[in-house]
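Trainee: Attaching a single structure in structure tokens format; questions to follow.
The values are calculated or read from the model by the stated rules, or taken from the named source; none is laboratory data. As the structure is a computational prediction, the values presented were derived from the model and not from experiment. FYI the Cβ positions are ideal-geometry reconstructions off the backbone, even for glycines, and counts take in every protein chain you see.
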Amino acid sequence: MATGEIISGFLAPHPPHMLYAENPPQNEPRSNGGWEQLRWAYERARASVEALKPDVLLVHSPHWITSVGHHFIGVPELSGRSVDPIFPNLFRFDYSMKIDVDLAEACYEEGRNVGLETKMMRNPRFRVDYGTITTLHMIRPQWDIPVVSISANNTPYYLSMEEGLTEMDLLGKATLEAVRKSGKRAVLLASNTLSHWHFNQEPEPPEDMTKEHPESLAGYQWDMRMIDLMRRGQMQEVFRLLPQFIEESFAEVKSGAFTWMHAAMQYPELAAELHGYGTVIGTGNAVMEWNLVKAGLARSAAAAR
Ligand SMILES: [Fe+2]
């Protein structure tokens, strides 16, 4: 069996408004569109996933919170209804997903090997969080690629930021080891918003785009500064600034997915492709990709077969 590898990583945020605006049949509420810039950004990301033909998608979401350790879904097939507790008016989604339990178990084992507290989630009636679902649906609405779903231990919130992000670095390294041994070609999804200052009032209707704009000038300017560094491939500088960015823009990358993903990719000093940027209730969201095949750091789909 060929050595498995990570072929691409996406910053893939999860405001449920985007999914609501797409009107997929699985979501009960109906909309009149909205947030097109971000939805079209996801269209570009989808085309990239289609070309990459990954065997598995790994997603880390801040909204599956596990206070003790890093958890992995260990049930082969899960279905049910997921409701966003903040926006139940926008997101009541009937999901059905296949889990790559073998790879999830390998991530669990490798996580243990690097000293992390890890656990397999075996409850067949477990309800998947809206962050995981929105990211997965926006990147691959066909739901035809098996998934590894990873919880947020949120250590950067409970410990110091440095300690917490160091754990996410270890989780990334463990993930890479598991993917390598699996022989599979994997795409990583960091389900994170950038600046996270948001409105306290929802417009009526919610998709009224005349009301959509950045909540905070400082947050917007931080987003542009960080995105520009990512576009230029200055990732060491991005990670040097990350704690200050998180502190000053209330950035959701604090929950660790972004650090996990780049650690798993071995922090490539690689220019990201910006698929698009937009605000959702004032928060800053970018869909961005570090494509390791295009960069010559991973095999193409054709070469892998
Ligand atoms: Fe979120």
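Yes or no, residue by residue, for (1) of a type in the set (S, T, N, Q); (2) more than 22 Å from residue 39 (Cα to Cα):
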| position | (1), (2) |
| --- | --- |
| 191 | yes, no |
| 196 | no, no |
| 207 | no, no |
| 223 | no, no |
| 262 | no, yes |
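Trainee: Against the definition (in contact with a Cys (Cβ under 9 Å, 6 or more places away or on another chain) and of a type in the set (Phe, Trp, Tyr)), how does residue 10 come out, yes or no?
Mentor: Details: in contact with a Cys (Cβ under 9 Å, 6 or more places away or on another chain): no; of a type in the set (Phe, Trp, Tyr): yes.
No: the conditions fail for residue 10.
Trainee: Considering each of 136, 103, 116 in turn, give the residue that is assigned to a loop (DSSP other than H, G, I, E, B) and crowded, with 16+ Cβ neighbours inside 10 Å. Talk me through it step by step, then tell me what you get.
Mentor: Values: 136 fails: assigned to a loop (DSSP other than H, G, I, E, B); 103 fails: assigned to a loop (DSSP other than H, G, I, E, B).
Checking each option against the conditions leaves just 116.
Trainee: Name the residues in region 139-155 that are in contact with a Ser or Thr (Cβ under 7 Å, 6 or more places away or on another chain) and buried (at least 20 other Cβ atoms within 10 Å of the Cβ), would you?
Mentor: Passing the criteria: 149, 151, 152, 153.
Trainee: Is it the case that some residue within region 68-87 is within 16 Å of the ligand (Cβ to nearest atom), buried (at least 21 other Cβ atoms within 10 Å of the Cβ) and over 19 Å from the mean Cα position of the chain (by Cα)?
Mentor: No - not one qualifying residue is present in region 68-87.
Trainee: Could you figure out which of (1) modelled with pLDDT of 95 or more; (2) part of a helix (DSSP H, G or I); (3) surrounded by fewer than 17 Cβ atoms within 10 Å (Cβ to Cβ); (4) small (Gly, Ala, Ser) isn't true of residue 295?
Mentor: Here residue 295 clears every test but (2).
Trainee: I've got another one for you. Scan region 139-163 residue by residue and report those that are without any contact (Cβ under 8 Å) to a residue 40 or more places away in the chain, assigned to a loop (DSSP other than H, G, I, E, B) and more than 22 Å from residue 53 (Cβ to Cβ).
Mentor: If the condition is that a residue be without any contact (Cβ under 8 Å) to a residue 40 or more places away in the chain, assigned to a loop (DSSP other than H, G, I, E, B) and more than 22 Å from residue 53 (Cβ to Cβ), then 159, 160 are the ones that fit.
Trainee: Can you say whether residue 223 is within 16 Å of the ligand (Cβ to nearest atom) and assigned to a helix (DSSP H, G or I), as far as the supplied structure shows? Explain how you work it out, then say what you get.
Mentor: On the way: within 16 Å of the ligand (Cβ to nearest atom): yes; assigned to a helix (DSSP H, G or I): yes.
Criteria met by residue 223.
Trainee: Give me the residue from region 13-62 that is closer than 21 Å to residue 290 by Cβ and aromatic (Phe, Trp, Tyr) and, out of that set, farthest from the ligand (Cβ to nearest atom).
Mentor: Only one residue tops the list, namely 40.
Trainee: Collect the residues in region 121-133 that are in a helix (DSSP H, G or I) and either in contact with a helix residue (DSSP H, G or I) (Cβ under 6 Å, 6 or more places away or on another chain) or surrounded by fewer than 18 Cβ atoms within 10 Å (Cβ to Cβ) (or both), keeping them in residue-number order.
Mentor: 130
Trainee: Right, residue 231: within 21 Å of the chain's Cα centre (by Cα), at pLDDT 95 or above and farther than 25 Å from residue 59 by Cβ or not? Even if it seems obvious, please write down each step before you answer.
Mentor: Details: within 21 Å of the chain's Cα centre (by Cα): yes; at pLDDT 95 or above: yes; farther than 25 Å from residue 59 by Cβ: no.
In short, no.
Trainee: Consider region 1-60. How many of its residues are over 30 Å from residue 173 (Cα atoms) and part of a loop (DSSP other than H, G, I, E, B)?
Mentor: 12
Trainee: Determine if region 174-188 includes at least one residue that is within 16 Å of the ligand (Cβ to nearest atom), in a loop (DSSP other than H, G, I, E, B), charged (D, E, K, R) and over 18 Å from the mean Cα position of the chain (by Cα).
Mentor: Taking region 174-188 and keeping what is within 16 Å of the ligand (Cβ to nearest atom), we get none.
No, that holds for no residue.
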